[in-house]
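**Q** Pasting in a structure now, in structure tokens, and then I'll have a few things to ask.
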Amino acid sequence: MRHIVVFLTVLLLSSMTFAIGDVHNAATHYNRAFEHLHRLTENERILLSYPENPTAPPSPEMREALRKMQPALHHVREASRRPYADFPLDFNEGWFLRLPPLHDMRTLLSVTYADVRMRVHDGETTMAAKRLATAYRTLPHLSDSGVIIASVVNQAGFHLLDDATQFLIDQGALNAADALTVFHAVDEFAAQTDPFNHIEAILGDSELNYITARNFLESGEHDIRELFGDSIDPEGVDQWHNLTEERLDNHIAAHDVFIEDMTAAFAMDDPEAAAAEVARLQEAFLESDNLFAHLAPSYTTYHERKIRAEAALAARVQSLRELVDGDVEPLERANAAMWYLRAVAALESLEPEQLETLRAADLDWHEPLPDELVSLLETHQPIVELFHDGSRIRRCDFTFTRRHRPHPFMPSYAPGMRDGLRLLCADAVRLMRADQPEDAAERLATAYRVIAHLAGDDQIVSALTSHVSYRHVHNLIELALDTELFDQSQLESLYVAFDRIALADPFGYTNAIALARSRLIDQFHNRRPLRDEFADQVEPWSRVVQEADGDRLLGLLLMSEMIDPPNLPMQLHDHLVSLDDVMPHAGVETLYGQIEALAELIAEGDIEAAREAVQAVADVDRRRGEARSDLRRGLMMFQVNLGSTPRPRDDAVADSGEADE
């Protein structure tokens, strides 16, 4: 009860102190920032929202939008220096309380991330770090209103800034001094007793419950459903309709005890014990006849969010401390995907005729390359260098590109990665013919390292791309060995790169297929609310997914992605052309044309008929069966030409976190 009295006192005092123009109140400065934010067009807001590819160069339109927002970011900096953000809130409205402009505050964090990306691209890493530190210092203001939704937005804001921090780390751009700038702000936030304000938010929501109930009782309303619709079950409706002052006092007293127990559970140090206690308390409360059981949020879900957010916060403090203390070098924490995505963007900017020349090339180093291909290769060495530099970084993680599409049919970067591997092989042939074996060997070693990175991507199309590209590299090396082009040292460097490919699940098929199954099942659960009309579809769909071989699983991914919601890129044909040797585009386009019919079968609940209609779109299972034998062929090739060599290490995957010397 003591916590609740304190909460009400804070509410009373805060409502008395707010005044527009109070420069000690962060809300004053946020309001000034909102004025600039609201002048953005819808398209400008989209440009400054969360990016699918944060490595993409800022467009002129994005730069112009950020220019407009510089005054707003100045006001955000001023707000970050204020101890509190007190917006005028009328808590007497209960659940109809008009919350602070949380959406606008969250949007300002997105604008900050966009500004960070632009500054990193322009080489202004120190200013990017300062912007990020400022944004971290605004996080406590997000949950100052003391309700659960504000606390959840606070968590979302942190995760966005955490992604922005990871972006700096992934670029290898955060030196010790800049890391210290960000570290101070993150550490200050983490040092708070309850950084995401969970306890106060639980107390605040309970008070809103009580105020809402008293307002209902005093208003003389006859039907609670006019306030809450059909979200309250009939038993709860009867309770509200039979409510008296005495009964309400009894319900509040019992609920106070529950809230005290729940906040104590949230404050427990042991996450597992806390989760168990939260679940026990919630289950018991929901089974009670307390009036507020019908309004209770999911405390278990809220606690799960708490655990994830606090774990991510602790991990971020630790990762920054390692950079500040010099325990790791920036490139040791960098992400090769950043280099690859820049290379892919550069490839995608080529003329269609240039890409067609690259894809159509018959790479036999005994035969001259077409003049237009040689010109392309000589002109675009910076792309080759991006792939080379990225491949030298051990860690490669494309996950951030799939935030809204955790397991897509075709990752957006897959076509560009296939073209990039073609480019490396073609450039190796050019160098072979120019009698530059050392440089040619380095191009092929780069290709091996890129292949190992793709093999760890946990995506079926990435596994296929990795495997097909591996065969091309292997064939080129065999041709070179027939004429003794490479000397001992060059072969050894090739073997070291080859050794990055793990013997266990060489190209990543097994992991990719297992994850595709689990995510397809999860997507069905999440997409279709388990109402009565859908409940009987869950088991058949799960069975279909579990029984599907790799070939059909890829088709199911395509079907799932197109039905709800439609996510596949509109440039389907253009993307598939690059992957035609990975999965023939004719089969994909045939299945794509059947999507509407398949969607209708699923909507009707005929899951089995939908399964039968899904066609295989690639030889996933055949290639998976050949993966280890293909890798053994490579190992034997090196053994024959180098003498006895060790087996490829099972741990020679591309995310060990160790940078090459």
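The values are calculated or read from the model by the stated rules, or taken from the named source; none is laboratory data. None of these values were measured; they are calculated from a predicted model. Here the Cβ positions follow ideal geometry from the backbone for every residue, glycine too, while neighbour counts run over all protein chains shown. When the accessible area is computed, the model is the full protein with side chains, heavy atoms only, and any ligands, DNA or RNA have been set aside. Shrake-Rupley method; radii C 1.70, N 1.55, O 1.52, S 1.80 Å.
**Q** To the nearest 0.05, what FRET efficiency results for Gln488 and Ala434 with a Förster distance of 25 Å applied to their C-beta separation?
**A** For R0 = 25 Å, the calculated efficiency reads 0.75.
**Q** When only alpha-carbon atoms are used, what values of Rg and Dmax, in angstrom, describe segment 45-113?
**A** In Å, with Rg to one decimal and Dmax whole: 15.6, 49.
**Q** Now for a separate question. Are there trypsin sites (Lys or Arg not before Pro) in segment 365-459 that DSSP marks as loop and that have at most 13 other Cβ atoms within 10 Å, and which are they?
**A** Arg403
**Q** Here is a further query. Glu124: accessible area at probe 1.4 Å, nearest 10 Å²?
**A** Estimated to the nearest 10 Å², Glu124 gives 80 Å².
**Q** Tally Lys and Arg at +1 and Asp and Glu at -1 over the other residues with C-beta under 13 Å from the C-beta of Tyr509: what net charge comes out?
**A** Taking every other residue near Tyr509 into account, the sum is -4.
**Q** What do you get for trypsin sites (Lys or Arg not before Pro) in segment 83-191 restricted to DSSP loop and a cutoff of at most 14 other Cβ within 10 Å of the site's Cβ?
**A** Here the sparse-neighbourhood loop sites are Arg98.
**Q** Right, another one. Treat segment 129-227 as a sphere of radius equal to its Kirkwood radius over Cα pairs and apply Stokes-Einstein at 25 °C in a medium of 0.890 mPa s; give the translational diffusion coefficient in µm²/s, rounded to a whole number.
**A** Once the numbers are plugged in, D ends up at 156 µm²/s.
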